[in-house]
């Protein structure tokens, strides 16, 4: 696995780990995630619960395969391809919601109440490219010197952590609306 694949795997492991944990950490968290799928209006009602289970299970699978990727190249390739497929579906769903004007909460990482929007489309699109880059560079396992691998893991983990907090970071740079003056009371 070359250094790009190591960095991509580290980034995606943080992202998919946070996403899965946000959904499966409690029964209530999973229910909120499933409810958000209903609000998104992308699936027939009968498909919401099975799809929620499939998404959470797939995110756990990606994480486990990424963690196994230093041991076996096929695990890394499968992880990257599964991640790319999931992220492509997430990107498509978010884009469809933006086009339709649906204002549903993003429960991507569990607790966020931010409505899905263009930022989510962009984030998921970039993550799809990271997964594709990892897949294209994951063939040469064991080729990275330990020091370089450590730097790639750290760099990828930092990027992954920033991605999981992207909504908060974007909020820091949004212009704040001036406070309305209180009406005069006589």
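What follows draws every value from the coordinates through simple rules; no lab data is involved. Predicted model only: the values in this text are computed from it and were never measured. Glycine gets a Cβ as well: all are built from the backbone with ideal geometry, and neighbour counts include every protein chain shown.
Numbers below:
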item	result
Residue, farthest from the chain's Cα centre (by Cα), within region 61-74, restricted to residues that are part of a helix (DSSP H, G or I) and crowded, with 19+ Cβ neighbours inside 10 Å	65
Which listed residue is over 16 Å from residue 164 (Cα atoms) and either in contact with a helix residue (DSSP H, G or I) (Cβ under 6 Å, 6 or more places away or on another chain) or surrounded by 15 or more Cβ atoms within 10 Å (Cβ to Cβ) (or both), from 131, 95, 83	95
Selection count, region 98-114, where residues are surrounded by fewer than 16 Cβ atoms within 10 Å (Cβ to Cβ) and closer than 20 Å to residue 22 by Cα	2
Residue 90 vs. criteria outside any helix (DSSP H, G or I) and in contact with a helix residue (DSSP H, G or I) (Cβ under 6 Å, 6 or more places away or on another chain)	no
